[in-house]
Amino acid sequence: MSDAAETGTDSADEPSGADADPTGGLNLGSTGPGIGEAYPLQVEGLRKSFGGITAVDDASFEVERGSLTGLIGPNGAGKSTTFNLITGMIEPDAGTVTFDGEDITGMEPHAIANRGLVRTFQIARELQEMTVLENMMLAPKGQRGESLWRSVAPGFRGDVVEQEHDLLDRVWEVLEFFDIDHIAEEYAGNLSGGQRKLLELARALLTDPDVLLLDEPFAGVNPSLEKRLLEHIHELREQGYTFLLVEHDMDLIMENCERVIVLHQGRILTDGTPAEIQANEEVIEAYLGGNV
């Protein structure tokens, strides 16, 4: 299925989910993004080597709550490794990762995700032999039906069914928000690349996150769908969600992020506003080729 046909509406139209809640917020049946630490994600002295190669070298930065922050650098700069270290996919050799005031360094990925720090991947990781709807229904935390005895024991089964109905309502609202409700019964393995990106972001949102780390969410996505994805991200940011975005498209980063972190050979070269980054001679020489 091509990206051009994946939403079923003209690219200039407003997303159908925008009208789902007259208050302007997406109802996920939870408390929504947190309002705790001003900088919920803090990275200090992060280091990781593979053999004789140092992929991340004493990297330190923080991400402000409610912001859309960009993390840029050429291939091999250590961006995806940094994401893997933050989210527990690999353990750092040194340094700390703090989330909402708690040291989460080296925790298991599921434990970090349960705390509200969730990521997507360069290549979407959908369950291909399940439908879009089934993929979505797996995402919410704390499902009572995951307990065998609750699912079958007299007096508890009704509680499980009631929660499933509530979760299904949430899932449909998110599907509508991302304009993929019309492919809910399609097998995920049949989706186009752009549709997989939408599914991955929608599924991540159902985990009740505070901070989302997006690893090249626009790679392989056509311009019409890219615009639609950006609209969704900005709307969610306005609702209080926090984003850290890895992306190679410099124009997209500079036009959409409030702050940009520049990674160079595993180290933080600088960070600042897009205007400051564009005026930085070291950044221009290292990444932007003098054409900003």
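Overview of values
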{"item": "Residue count, segment 103-122 (criterion: crowded, with 20+ Cβ neighbours inside 10 Å and in contact with a Gly (Cβ under 6 Å, 6 or more places away or on another chain))", "result": "1"}
{"item": "Failed condition for Leu244, given (1) outside any loop (DSSP other than H, G, I, E, B); (2) modelled with pLDDT under 90; (3) under 25 Å from Val97 (Cα atoms); (4) not β-branched (Val, Ile, Thr)", "result": "(2)"}
{"item": "Glu44 being within 18 Å of the chain's Cα centre (by Cα) and either part of a strand (DSSP E or B) or modelled with pLDDT under 95 (or both)", "result": "no"}
{"item": "Odd one out for Leu230 among (1) without any contact (Cβ under 8 Å) to a residue 60 or more places away in the chain; (2) of a type in the set (A, V, I, L, M); (3) touching a Gly at 6+ places or on another chain (Cβ under 9 Å)", "result": "(3)"}
{"item": "Residue among Gly88, Gly95, Gly76 that is loosely packed, with under 15 Cβ neighbours inside 10 Å and more than 26 Å from His234 (Cα to Cα)", "result": "Gly76"}
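To keep it simple, each residue is scored yes or no on (1) under 25 Å from Met89 (Cβ atoms); (2) in contact (Cβ under 8 Å) with a residue 60 or more places away in the chain; (3) touching a Cys at 6+ places or on another chain (Cβ under 7 Å); (4) in a helix (DSSP H, G or I).
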position: Glu173; (1), (2), (3), (4): no, yes, no, yes
position: Gly194; (1), (2), (3), (4): yes, yes, no, yes
position: Lys197; (1), (2), (3), (4): yes, yes, no, yes
position: Arg203; (1), (2), (3), (4): yes, yes, no, yes
position: Leu213; (1), (2), (3), (4): yes, yes, no, no
position: Val221; (1), (2), (3), (4): yes, yes, no, no
position: Leu225; (1), (2), (3), (4): no, yes, no, yes
position: Glu235; (1), (2), (3), (4): no, yes, no, yes
position: Asp251; (1), (2), (3), (4): no, no, no, yes
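The values are calculated or read from the model by the stated rules, or taken from the named source; none is laboratory data. Predicted, not measured: the structure shown is a model, and the values here were computed from it. Methodologically, a virtual Cβ is constructed for each residue, glycine included, from the backbone with ideal geometry; neighbour enumeration extends over all protein chains shown.
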